[in-house]
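S.K.: My questions all concern the structure below.
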Amino acid sequence: VQLVESGGGLVQAGGSVTLSCAVSGRTFSEKVMGWFRQAPRKEREFVAAISRRGGTTIYGDSAKGRFTISRDNAKNTVDLQMNSLTPEDTAVYYCAARTALFASSSSALYDDWGQGTQVTVSS
């Protein structure tokens with residue numbers, strides 16, 4: 001399984017950006033998908049996850065009310081729409097996949113990871 005993130009870049013505070021993750025393989029619909037992020041000198045942080053059919057989504061505290069995770073099983077993609085960005089959202093954002101029934105906020109439970117995409121929010 002290969003995961004490739006895109007959509008990162010430089011955005012002003014208060015702005016929005018949508019990240020996308022393209023997943024190779026025929027088993028995308030069997031995978032729970034998640035987004036995590038890691039800022040410099042900080043531990044990796046859970047952002048959001050979505051169940052296999054998209055019926056269940058969970059969010060980390062920093063993402064609630066501002067970010068939305070979605071997926072398109074026909075296109076093998078999962079998106080993360082991020083609104084009302086602040087400099088504290090600056091980080092490398094990673095897409096992750098796990099073959100499981102339930103979404104999880106634990107990075108240890110995810111099997112496959114993308115290379116990450118940088119999001120920088122300027123004040």
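The values are calculated or read from the model by the stated rules, or taken from the named source; none is laboratory data. Remember, it's a predicted structure, so these values are computed and weren't measured experimentally. So basically every Cβ, Gly included, is an ideal-geometry build from the backbone, and we count neighbours across all protein chains shown. The area values use the complete protein model at the heavy-atom level, side chains included, leaving out ligands, DNA and RNA. Shrake-Rupley method; radii C 1.70, N 1.55, O 1.52, S 1.80 Å.
S.K.: Enumerate the whole-percent occupancy of each 10 Å bin, from 0 to the last occupied one, for all C-alpha pair distances of the range 25-65.
M.R.: Pair shares across the bins are 28, 43, 24, 5.
S.K.: Leaving out ligands, DNA and RNA, what percent of the accessible area of the range 29-123 is carbon and sulfur, probe 1.4 Å?
M.R.: So the carbon and sulfur contribution to the accessible surface is 45 percent.
S.K.: Here's a follow-up. With equal scatterers on the alpha carbons only and no solvent term, can you work out the Debye log10 of I(q)/I(0) for the chain at 0.14, 0.15, 0.22 1/Å?
M.R.: After summing over all Cα pairs, the log10 values are -0.51, -0.59, -1.27.
S.K.: At a threshold of 8 angstrom on Cα-Cα distance, excluding pairs fewer than six apart, so keeping six or more, what relative contact order does the range 84-123 reach in percent?
M.R.: 60
S.K.: Less than 17 Å from a label point 7 Å out along the Cα-to-Cβ axis of residue 53: which backbone N atoms in the range 94-111 qualify, by residue?
M.R.: In the range 94-111, the label zone of residue 53 (backbone N under 17 Å from the point 7 Å along Cα→Cβ) covers 100-103.
S.K.: Can you list the residues, at least 5 places off or on another chain, whose amide H is less than 5 Å from the amide H of residue 100, using H built in the peptide plane?
M.R.: Under 5 Å from the amide H of residue 100 lie the amide H atoms of 32, each far enough along the sequence or on another chain.
S.K.: Continuing with the same structure: Whole-Hz Karplus ³J(HN,Hα) for the range 4-20, in order, using 6.51 cos²θ - 1.76 cosθ + 1.60 and θ = phi - 60°, x for Gly and Pro?
M.R.: Computed from phi, the couplings for the range 4-20 are 10, 8, 8, x, x, x, 9, 9, 7, 4, x, x, 10, 8, 10, 8, 10 Hz.
S.K.: Let me check the size of the range 38-91 from its C-alpha atoms; what are the radius of gyration and Dmax in Å?
M.R.: Taking only Cα atoms of the range 38-91, I get Rg and Dmax of 12.3, 37 Å.
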